[in-house]
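One structure below.
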Amino acid sequence: MSHVNHQKCYTKDAPEKKLFTPGPLSTSPTVRQAAFTEYGSRDVAFIEAIKTLRSKLVEIAEVSKDEFTCVPIQGSGTFAVEAVFQTAVPRQGGKVLILQNGAYGKRLAKICDVMSVPYQLESFSEDSKVDVSRVADILSKDKSFTMTSIVHCETSSGVINPVEDVGKVVKKIIPDCIFFVDAMSSFGAVPLDMVNGNIDFLVSSANKCLQGIPGFSYAIAKKSVLMNCNGNSRSLSLDLFDQYDNLEKTNQFRFTPPTHTMLAFLQAVKEFEEEGGVSGRGDRYKKNRTILREGMKDYGFEEFLDNSHEGYIITSYKYPQDPNWNFTTFYSKLNDRGYVIYPGKVLNADCFRIGSIGHIYPEDMKGLLAAIKQVLQEMNIKMK
């Protein structure tokens with residue numbers, strides 16, 4: 001009986017590329033290597049891995065294990081977002097205030113639409129932060145909201161919203177209103193005080209600032225709030241309460257867990273701690289961002305956001321006003337050189353995005369800038 005030649009792998013000859021994207025993003029070789037280990041989902045060693053992972057994420061959130069818990073869920077970050085809505089919004093009498101200033105805030109509204117959950121969408125300009133005083137005014141006029149939701153880093157633009165200030169206002173005006181934060185592309189690199197910000201639910205994903213590979217997301221939940229959510233969910237697989245209850249009783253997932261992804265994530269967390277945690281990782285991302293900002297400014301590119309914004313996760317750049325400009329060509333030529341950037345997602349301007357996060361370092365940013373210069377010259381685009 002012959003065996004398959006496993007050397008003929010689909011990606012065997014694929015060149016390695018650097019991802020300047022908001023996730024999936026570049027990961028270390030050791031993180032990828034950790035994914036090669038195979039465990040059964042009921043293996044004792046894997047069950048211990050789940051316990052460690054949950055504990056580590058609560059530590060990274062810098063909250064008490066007595067008051068908060070981590071509930072991992074299979075799927076991308078959006079699965080965790082929807083799971084919170086499914087779990088924390090009651091079937092009767094629920095009403096959500098959604099604060100949005102970009103595409104990912106609007107996604108929250110789309111989820112509520114599909115679920116037939118009553119909500120009010122309060123929109124802010126894509127190039128500005130959520131206005132806390134306006135939020136206070138809305139809540140003061142309508143105290144029927146059972147949840148307020150916001151995106152911490154609006155990845156379509158790079159805006160960092162004043163989450164802690166919003167959380168204080170929410171609880172001051174409606175103490176029982178659940179405060180839900182989508183911290184998908186900020187958790188692990190942008191400081192956020194869950195206690196000071198009165199955050200009841202926070203979600204993120206394995207393949208963002210903690211630099212794991214895609215496959216699962218997670219909610220950091222206040223136990224006292226989560227325990228009141230039994231029976232709310234309209235979904236079986238996205239029921240965070242049931243997932244939590246089963247994890248507490250058996251230390252196992254209810255349904256097949258992404259074993260390889262979770263083992264890779266534990267290695268990613270180890271490397272995160274070795275780098276100095278949130279401050280250490282954030283410092284590297286800030287250095288990446290500074291190099292990018294200076295280089296792109298030298299080439300004549302204009303940022304979508306003005307200088308009042310201090311975000312360092314992702315940067316949106318406006319298309320050059322040059323007749324030779326074509327984003328598809330620009331993207332393809334960079335991709336051919338091993339550098340992957342991202343299309344824009346703001347609605348009122350033609351932009352593209354470059355991320356500063358992942359397993360990329362200042363020398364990688366310099367390499368990207370050199371490649372951009374070459375491509376601009378090839379495209380006959382005038383530089384500053």
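The values are calculated or read from the model by the stated rules, or taken from the named source; none is laboratory data. Since the structure is predicted, the reported quantities are computational estimates derived from the model, not experimental observations. Every residue, glycine among them, receives a Cβ derived from its backbone with ideal geometry; neighbour counts consider all protein chains shown.
Residue 381 falls short on exactly one of the conditions (1) over 20 Å from residue 291 (Cα atoms); (2) in contact with a strand residue (DSSP E or B) (Cβ under 8 Å, 6 or more places away or on another chain); (3) surrounded by 15 or more Cβ atoms within 10 Å (Cβ to Cβ), and that condition is (2). Candidates 224, 204: the one that is closer than 23 Å to residue 65 by Cβ, of a type in the set (S, T, N, Q) and surrounded by 21 or more Cβ atoms within 10 Å (Cβ to Cβ) is 204. Being of a type outside the set (Asp, Glu) and surrounded by 24 or more Cβ atoms within 10 Å (Cβ to Cβ) holds for only one residue in 89, 63, and it is 89. For residue 303, the criteria (1) within 22 Å of the chain's Cα centre (by Cα); (2) farther than 30 Å from residue 29 by Cα; (3) assigned by TED's automatic domain parsing to the domain that holds residue 190 hold in every case but one, which is (3). Considered as a group, the residues in segment 208-246 that are in contact with a Pro (Cβ under 9 Å, 6 or more places away or on another chain) and outside any loop (DSSP other than H, G, I, E, B) include one that is farthest from residue 77 (Cα to Cα), and that residue is 243. A count restricted to segment 58-89 and to residues that are closer than 16 Å to residue 224 by Cβ and out of contact with any Phe, Trp or Tyr (no Cβ under 8 Å at 6 or more places or on another chain) stands at 6. Residues in segment 99-119 that are assigned to a helix (DSSP H, G or I) and small (Gly, Ala, Ser) were compared, and the one that is surrounded by the most Cβ atoms within 10 Å (Cβ to Cβ) is 105. Could you check segment 14-48 and list, in sequence order, the residues that are polar (S, T, N, Q), over 24 Å from residue 313 (Cβ atoms) and part of a loop (DSSP other than H, G, I, E, B)? Passing the criteria: 37, 41. Among residues of segment 33-46 that are in contact (Cβ under 8 Å) with a residue 60 or more places away in the chain, those with a beta-carbon under 6 Å from a residue that is surrounded by 10 or more Cβ atoms within 10 Å (Cβ to Cβ) and assigned to a loop (DSSP other than H, G, I, E, B) at least six positions away or on a different chain give the pairs 41/257; 46/39. Looking only at segment 138-168, which residues are aliphatic (A, V, I, L, M) and surrounded by 23 or more Cβ atoms within 10 Å (Cβ to Cβ)? Matches in segment 138-168: 147, 150, 151, 159, 163, 166. For the criterion of being buried (at least 19 other Cβ atoms within 10 Å of the Cβ), assigned to a loop (DSSP other than H, G, I, E, B) and in contact with a Ser or Thr (Cβ under 7 Å, 6 or more places away or on another chain), residue 185 passes. Tell me, yes or no, whether segment 123-142 has at least one residue that is closer than 17 Å to residue 221 by Cα, among the hydrophobic types (A, V, I, L, M, F, W, C) and part of a loop (DSSP other than H, G, I, E, B). Checking segment 123-142: not a single residue is closer than 17 Å to residue 221 by Cα, among the hydrophobic types (A, V, I, L, M, F, W, C) and part of a loop (DSSP other than H, G, I, E, B). When every residue of segment 253-269 is checked against the conditions, at least one turns out to be in contact with a Gly (Cβ under 7 Å, 6 or more places away or on another chain) and assigned to a loop (DSSP other than H, G, I, E, B). Residues in segment 67-86 that are surrounded by fewer than 22 Cβ atoms within 10 Å (Cβ to Cβ) and assigned to a helix (DSSP H, G or I): 78, 79. Whether any residue in segment 267-285 is closer than 15 Å to residue 217 by Cα, in contact (Cβ under 8 Å) with a residue 40 or more places away in the chain and crowded, with 19+ Cβ neighbours inside 10 Å is what I want to check. Looking for residues that are closer than 15 Å to residue 217 by Cα, in contact (Cβ under 8 Å) with a residue 40 or more places away in the chain and crowded, with 19+ Cβ neighbours inside 10 Å, one finds at least one in segment 267-285, hence yes. Only a single item in (1) touching an Asp or Glu at 6+ places or on another chain (Cβ under 7 Å); (2) surrounded by 17 or more Cβ atoms within 10 Å (Cβ to Cβ); (3) of a type in the set (A, V, I, L, M) is not met by residue 291, and it is number (1). In this structure, does residue 297 turn out to be surrounded by fewer than 21 Cβ atoms within 10 Å (Cβ to Cβ), assigned by TED's automatic domain parsing to the domain that holds residue 349, basic (Lys, Arg) and in contact with a Pro (Cβ under 6 Å, 6 or more places away or on another chain)? Criteria not met by residue 297. Summed over segment 319-336, the residues that are crowded, with 18+ Cβ neighbours inside 10 Å and in a loop (DSSP other than H, G, I, E, B) give a count of 1.
Applying a threshold of 6 Å to beta carbon distances and a minimum spacing of six or more residues, or different chains, the list of pairs starting in segment 178-206 at a residue that is free of Cβ contacts under 8 Å to residues at least 60 places away in the same chain and in the same structural domain as residue 79 (by TED's automatic domain parsing) and ending at one that is of a type in the set (D, E, K, R) and in a loop (DSSP other than H, G, I, E, B) reads 179/200.
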